[in-house]
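Below is one structure, written out as structure tokens, with a few remarks after it.
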Amino acid sequence: MTSSEISQEAVFVGANKQNYVSDYNPSNNIIAFGAANNIALWNSLDPNHKGVYYTLKNHQKEVTGVKFIPNTPYLVSIGEDHLVNIWKEDGNVYTHHQTLDDHLHSVTCLAVVNEKVFITGSADHNIIIWVYDEEKKQFTFGEVFQVKSNFYPLTLAIQDVEDDSYLIAIGGTTNNVYIYTFALKDNNVTVLHKSAELTGHEDWVKCLQFVTEEKHKNYILASGGQDRYVRLWRLKLNELIDNSDEDPTKLVLLSNKQYKFDLPSGSRAAFSFEALIMGHDDWVSGLQWHPSCKANHENAKLQLLTCTADTSLMIWEMDVDSGIWVCVNRLGEMSIKGASTATGASGGFWSCLWFIDPKTSEHYVIASGKTGAFRVYKSDNNGQSFESTLGITGAIKDVNDIKWSVDGDYFVATSLDQTTRLYAPWKQDQSVESWHEFARPQIHGYDMICYDNITSTKFVSGGDEKILRVFEMTKSISKLLKNLCGIEVVNENNELPVTASLPVLGLSNKAESQVAQGDSMEDNDNGDANEETADSSDDVLASLTMPPVEEYLQRYTLFPELEKLYGHGYEISCCATSPNGKLIATACKSNSAKHAVIRIFNVAKDYQQSSQVLSGHNLTISSLEFSPNGKYLLAVSRDRQFSLWELINEETAEFKLVELNEKAHSRILWDCSWLPFNVMDYFTTVSRDKQMKIWKVSDNAVELVTSAKLEEPITSVSVYKGGPVANKVVVAVGLEDGSIDVFTFDLNKSELSLVVSFDKSITPSNRIEKLSLSNKLHNGKLLLGVGSKDTSARLYSIDQALFV
């Protein structure tokens, strides 16, 4: 297999909600961030905006932090699986180099300073110093210590001061910042002891960062806490220390109190309180000094970026005249009054980065938040005025379902993070195409489970609730897809709602035009206001020259809800629509035959439920699919059976049972898929018993044609519906370990043949939840959408030359 035959076109995945989740490497402009149990790599300065291009797999649980080690090819990652992984640069990707497993519980924090040493803190109370062994080219255990009993470290900072002397600042589940010192001699940690305890915060300390101030030849430590404040502490050495506080006749105040101690080298050091920065409304979650300070430039700007759970980013600078630190730039959003972390809100920003483009000298501020998206703000050369630009978006929980549009031009994915997302190709010019999230039709209050198209503009989806909901595309999104993607969405009625919004109280997206009419009946002024809102939001999307950023996706890209479909007694498990969009079949979770039924809704009759309930299964039906000609409905279940139903009367939605196969597989059936329209009535089923089987429907009976057994349970299957390729039907299967295999079914010989197994380096790291092949070729390639338990939605292209 060559890279040209199978390629990973796009990866959509959100960042974990952790303070150390991301880091920037100035040597190659790569941003690495934790995404579920993977590490995603993203070139944020890529002019083609390709987004995440690779994921690193070795952690078994959520990644809690990543850091690049300066002046080395190494990347460090920590996770809830107790592991510290070292990765080594290999081209534009990283390969696993080493695993350190001395921690006993989740590793919570991480700090690096140079190529010699880094430190980690864990929920086992331990803080470990790791040292680089030049001979072995590996990191080795240096020293372990605990601050105090029942203290959990949440943040660390490390600074080398002089003659191999190091300072460690530790924050965690107390109000104080603890300072430790140690020396590094011949790869050994010596003279480790607690040197100072900085007091002043009123709640847990969440973030720490050192910066070197060359002008005064000393250091500043910034500490941010859950008390919403940032405190600055100045560290002075030797003759720079002010000894006036040793005069017993002088009153010791907060402003002149000093924390003095000796360094391992014999030098004297002292911390003193420098400034209190206040202005945030919620927990301070991230700190970044100006990039020029960290790079020790001659004309470095002493500025500090703070990000918080109040969804704001602030850049602070000391006023020369007064010495007070003031906010010179505010980014992000205005916080909602009353919605703070203390009231249970999970919102705001969790981490931030600040760097300068080496080519253009433009400043970039990047922050990740509760939705998993990265917001990117780009400034001019001076770093004065910022504007929002394209970032990263993606789900932060399992991606359960993926379906291509009716015409196969774009795909939609649903996730347990309670969102439905629409992904499409942005055609920047003739040669450059990149995939992005163009709409978020549904932001729900329940975890999303399933999705299917009714028409080119309507879809039905089911969440972890007893009802299904029908949505319709807005005029603003159809225009956006046409302008930026060249996709013409054909609507039967030629009338689409302008835009939609989610009411403050409620789960149902409302069309703005509906809201306007309802309000205008009571108050004409309100009606006019809402109509202006609809027009203005339409104009916002119409003026875009690039895909919408996170702020727009949340506010302006919702689809209005048309109908709710009731009838099931338990949470929805799957749904499917007939090829002509006239029928919707649904099923729900069940552990008895009473609820393991299929309900049919007639779209043509205002979504009326059919009086006939299709029963026969004993446990949850896991997947449903209509045949391409609309003649049959296939259901597979956890009870190891499949049922085949023939549509007798479309007007009354009447079905006849063709077969209930009790010996289809020996384990749970996870998925099914029909072969293309121009092939006889064949379908495939896949199961936990690791088998894929091809079945043929003939003379009101079903017979087994062929089967294939794989090494892992098969969790999803998708057949290319565009027709046979070289007289062969293409079948893609996804496995429980994240592997993807592509088979062909030879129509003449009735044989299944494995054509290609995807390279493990580009497949998801966890169970494949859903596969979906587009029903049309794109530049001679088949496009495969993949939703996984590792929270990613991925897009692969497969060259059709493989099947010839």
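Values in this text are rule-based calculations from the coordinates and carry no lab data. In this text, all values refer to a predicted model and were calculated from it rather than measured experimentally. Here Cβ is always computed from backbone atoms with ideal geometry, including for glycine, and neighbour counts include all displayed protein chains.
If R0 is 25 Å, what FRET efficiency do you get for Ser543 and Asp357 from their C-beta distance, rounded to 0.05? So the FRET efficiency works out to roughly 0.45.
How high is the FRET efficiency between Glu239 and Asp160 when r is their beta carbon distance and R₀ equals 30 Å, given to the nearest 0.05? For Glu239 and Asp160, the calculated efficiency is 0.90.
I'd like the FRET efficiency for Lys194 and Asp759, computed as 1/(1 + (r/R0)^6) with the beta carbon distance as r and R0 of 51 Å, rounded to 0.05. Result of the calculation: an efficiency of 0.55. Fewest neighbouring Cβ atoms within 10 Å first, the residues Met448, Met680, Met318, Met473 line up as Met680, Met318, Met473, Met448. Partners of Lys260 within straight-line reach, counting aspartates and glutamates whose Cα lies under 16 Å from its Cα and excluding those fewer than 8 residues away in the same chain: Glu197, Glu239, Asp242, Asp245, Glu246, Asp247, Glu274. A simple charge model with +1 on the Cβ of Lys and Arg, -1 on the Cβ of Asp and Glu and nothing else charged puts the dipole of segment 13-146 at about 360 debye relative to its Cα centre.
Extension gain, Glu654 to Glu115: 0.36 nm times the residue separation minus the Cα-Cα distance gives 186.9 nm.
Using the Cα centre as the reference, give the magnitude of the dipole from point charges on the C-beta atoms of the chain (Lys, Arg: +1; Asp, Glu: -1; all else neutral), rounded to the nearest 20 debye. Please list the in-between numbers first.
Details: 71 positive and 104 negative charges, 341 e Å.
Roughly 1640 debye for the chain.
Each of Leu104, Ala183, Thr744 was placed along the dipole of the chain (beta-carbon charges, centred on the mean Cα), and the one lying farthest toward the positive end is Thr744. Separation of segment 371-401 and segment 722-762, taken as the distance between their Cα centroids, equals 36 angstrom. Between Lys709 and Lys136, the simple spin-label model (points 7 angstrom out along Cα→Cβ) gives 4.4 nm.
Restricting everything to alpha-carbon atoms, can you work out Rg to Rh for the chain with a Kirkwood hydrodynamic radius? Show your work: numbers first, answer last.
Values: Rg = 29.4 Å, Rh = 28.7 Å.
When Rh is taken as the Kirkwood radius, the ratio is 1.02.
In this rough spin-label picture, where each label sits 7 Å from Cα along the Cβ direction, the Gln430-Ala726 distance is 3.1 nm.
For the pair Gln146 and Lys631, the difference between a 0.36 nm per residue extended length and the Cα-Cα distance amounts to 167.7 nm. Were the residues from Glu5 through Asp689 laid out at 0.36 nm apart, the gain over their Cα-Cα distance would be 243.3 nm.
Taken along the Cα-to-beta-carbon direction at a fixed 7 Å, the label points for Asn491 and Ala701 span 5.0 nm.
Once C-alpha pairs closer than 8 Å and six or more residues apart are averaged by separation and normalised to the residue number of segment 13-146, the relative contact order reads 15 percent.
Across segment 666-804, C-alpha contacts under 8 Å between residues 6 or more apart give a mean separation that, scaled by the residue count, equals a relative contact order of 17 percent.
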